[in-house]
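The values are calculated or read from the model by the stated rules, or taken from the named source; none is laboratory data. Because the structure is a prediction, the values reported are computed rather than measured. Methodologically, a virtual Cβ is constructed for each residue, glycine included, from the backbone with ideal geometry; neighbour enumeration extends over all protein chains shown.
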Amino acid sequence: MSWELVLWLLALCAPLLLLVQLLRFLRADGDLALLWAEWQGRRPEWELTDMVVWVTGASSGIGEELAFQLSKLGVSLVLSARRVPELERVKRRCLENGNLKEKDILVLPLDLTDRSSHEAATKTVLQEFGRIDILVNNGGRTQRSLCVDTSMDVYKELIELNYLGTISLTKCVLPHMIERKQGKIVTVNSFMGILSAPLSTGYSASKHALQGFFNGLRTELDNTCPGIIVSNICPGPVQSDIVKNALTEDVTKSSPGSYGDQSYKMATSRCVRLMLITMANDLKEVWIAHQPFLLMPYLWQYMPTWAWWITSKLGKKRIENFQSGMDADSFYFKTWKAKHD
Ligand SMILES: NC(=O)c1ccc[n+]([C@@H]2O[C@H](COP(=O)([O-])OP(=O)(O)OC[C@H]3O[C@@H](n4cnc5c(N)ncnc54)[C@H](OP(=O)(O)O)[C@@H]3O)[C@@H](O)[C@H]2O)c1
């Protein structure tokens, strides 16, 4: 075959490949590397069995579903959060539907903001199971309030919980992983760690901080202890209690009131399945959301000028919804669902 023919064939294939990628993207509910790993990569059922996994924020939402799906893989589980009755409920759910026995699940109450307790908690896990293979930093809270109305205590709480609490626990577990020269540190970040939106200034700042911290930690470990994998998981909107539990303008006010119909968000089970794929394939950073939400981190990363323009337009509506007492995001979900029904 002549070189000219090869070049012609390549020139013809390039637009076809581009079209295939575009079609894949339009149907995607995760970034394309993640979906490739789901299709061709290692299965969680092969990779994660027999591991000791510590999940924070395991009392509801994403953490609860993660515990549930992990229990089916035959791992040993440590379930942490503040509400012990809820953790016990999650434990019962895992025992009823999973492959685990009572001795395989440890309920370990933990307040991420109480950093002085993290060392003792880590020791308890090591005494119980002898090792920690995976730490899932999942516990956290979001925010629904305009910056101008928000007290400094709220900003402090978001940083204490989402950022410093997560770092503190990671630092307690890290020496143990370094000693074993292996382990996975998986952090549930957010699209808000890549982009920003109105009503979530403090939340977004805490998630950006996490992104910076774990990207830096990964580069340190790459050179000193490459067996430790650092994964940042960035979901878009997912069904959970996150809006109900959001911080508002005042740290003593526990909920933004109306949090509307959350059923338009990605199913928790799908988000968690993609998280397991991430862990099984040691992916460094993943983005998880339905379209059109998935488009946003791509725009922020690759086309920031467009991203600013769109975020400003959508942000206006978000603030209007919030100020009229509706859930800030229900507008997008309803519009999207109406178009696809
Ligand atoms: N759902 C989404 O749309 C979405 C999108 C992107 C990222 N995320 C991230 O996903 C993670 C899980 O959130 P979720 O959506 O599952 O919300 P959720 O249902 O409200 O769960 C939050 C979890 O964090 C725990 N938590 C809160 N404060 C804590 C503290 N001081 N110490 C220890 N644990 C604490 C809660 O348990 P207790 O109250 O019992 O302590 C609960 O188990 C968060 O990091 C969130 O930022 C969620």
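May I ask you to verify whether Ile185 is in the same structural domain as Met266 (by TED's automatic domain parsing), modelled with pLDDT of 95 or more and part of a strand (DSSP E or B)? Please lay out each step first, then the result.
Details: in the same structural domain as Met266 (by TED's automatic domain parsing): yes; modelled with pLDDT of 95 or more: yes; part of a strand (DSSP E or B): yes.
Answer is yes for this residue.
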Those residues that are among the aromatic types (Phe, Trp, Tyr) and more than 14 Å from the ligand (Cβ to nearest atom), I need them from the stretch 138-176; list them, please.
Tyr155
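Within the stretch 188-229, take every residue that is in a loop (DSSP other than H, G, I, E, B) and among the aliphatic types (A, V, I, L, M) and give me the one that is nearest to Leu48 (Cα to Cα).
Ile194
Here is a yes/no grid of residues against (1) within 13 Å of the ligand (Cβ to nearest atom); (2) under 14 Å from the mean Cα position of the chain (by Cα); (3) farther than 23 Å from Arg83 by Cα:
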| position | (1), (2), (3) |
| --- | --- |
| Ala197 | yes, no, yes |
| Gly202 | yes, no, yes |
| His208 | yes, yes, yes |
| Glu220 | no, no, yes |
| Asn223 | no, no, yes |
| Pro226 | no, no, yes |
| Ile233 | yes, yes, yes |
| Lys244 | yes, no, no |
| Val251 | yes, no, no |
Quick one: how many residues across the stretch 109-122 are more than 10 Å from the ligand (Cβ to nearest atom) and within 23 Å of Val230 (Cβ to Cβ)?
5
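Taking Val90 as the residue in question, decide whether it is of a type in the set (Val, Ile, Thr), within 11 Å of the ligand (Cβ to nearest atom), in the same structural domain as Leu135 (by TED's automatic domain parsing) and without any contact (Cβ under 8 Å) to a residue 60 or more places away in the chain.
Numbers: of a type in the set (Val, Ile, Thr): yes; within 11 Å of the ligand (Cβ to nearest atom): yes; in the same structural domain as Leu135 (by TED's automatic domain parsing): yes; without any contact (Cβ under 8 Å) to a residue 60 or more places away in the chain: yes.
Taking the combined requirement at face value, the residue satisfies it.
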From Gln301, Gln291, Gln262, Gln323, which residue is in the same structural domain as Met192 (by TED's automatic domain parsing) and within 20 Å of Ser196 (Cα to Cα)?
Gln291
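Tell me yes or no: at least one residue of the stretch 271-290 is β-branched (Val, Ile, Thr), assigned to a strand (DSSP E or B), within 14 Å of the ligand (Cβ to nearest atom) and in contact with a helix residue (DSSP H, G or I) (Cβ under 6 Å, 6 or more places away or on another chain). Lay out the reasoning, then the answer.
The initial filter retains those residues of the stretch 271-290 that are β-branched (Val, Ile, Thr), namely 272, 277-278, 286, 288.
Right, trim to assigned to a strand (DSSP E or B) and you get 286, 288.
Filter once more, so that each one left must be within 14 Å of the ligand (Cβ to nearest atom): 286, 288.
Still in the list and also in contact with a helix residue (DSSP H, G or I) (Cβ under 6 Å, 6 or more places away or on another chain): 286, 288.
Within the stretch 271-290, one or more residues are β-branched (Val, Ile, Thr), assigned to a strand (DSSP E or B), within 14 Å of the ligand (Cβ to nearest atom) and in contact with a helix residue (DSSP H, G or I) (Cβ under 6 Å, 6 or more places away or on another chain).
How many of the residues in the stretch 101-133 are in contact with a Gly (Cβ under 7 Å, 6 or more places away or on another chain) and not hydroxyl-bearing (Ser, Thr, Tyr)?
Residues meeting the conditions: 4.
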Selection within the stretch 76-93 - crowded, with 24+ Cβ neighbours inside 10 Å and of a type outside the set (S, T, N, Q):
Leu77, Val78, Leu79, Ala81, Leu87, Val90
Can you tell me which residues in the stretch 216-237 are over 15 Å from Pro297 (Cβ atoms) and of a type outside the set (A, V, I, L, M, F, W, C)?
Gly216, Arg218, Thr219, Glu220, Asp222, Asn223, Thr224, Pro226, Gly227, Ser231
Does Asn232 fit the bill of being under 18 Å from Tyr163 (Cα atoms) and in a loop (DSSP other than H, G, I, E, B)?
no
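Checking the conditions here, which among Gln127, Gln182 is over 24 Å from Ser60 (Cα atoms), polar (S, T, N, Q), touching a residue at least 40 places away in the same chain (Cβ under 8 Å) and out of contact with any helix residue (DSSP H, G or I) (no Cβ under 7 Å at 6 or more places or on another chain)?
Working: Gln127 fails: touching a residue at least 40 places away in the same chain (Cβ under 8 Å).
Result of the check over Gln127, Gln182: Gln182.
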Tell me whether the stretch 165-176 contains one or more residues that are surrounded by fewer than 23 Cβ atoms within 10 Å (Cβ to Cβ) and over 26 Å from Val125 (Cβ atoms).
no
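Out of the residues in the stretch 128-182 that are polar (S, T, N, Q), out of contact with any strand residue (DSSP E or B) (no Cβ under 9 Å at 6 or more places or on another chain) and assigned to a helix (DSSP H, G or I), which is farthest from Pro235 (Cα to Cα)?
Initially, the stretch 128-182 is screened for residues polar (S, T, N, Q), giving 137-138, 142-143, 145, 150-151, 162, 166, 168, 170, 182.
With out of contact with any strand residue (DSSP E or B) (no Cβ under 9 Å at 6 or more places or on another chain) added as a condition, the list becomes 151, 162, 168.
Subset that is assigned to a helix (DSSP H, G or I): 162, 168.
On the way: Asn162: 15, Ser168: 23 Å.
Per the criteria, the residue is Ser168.
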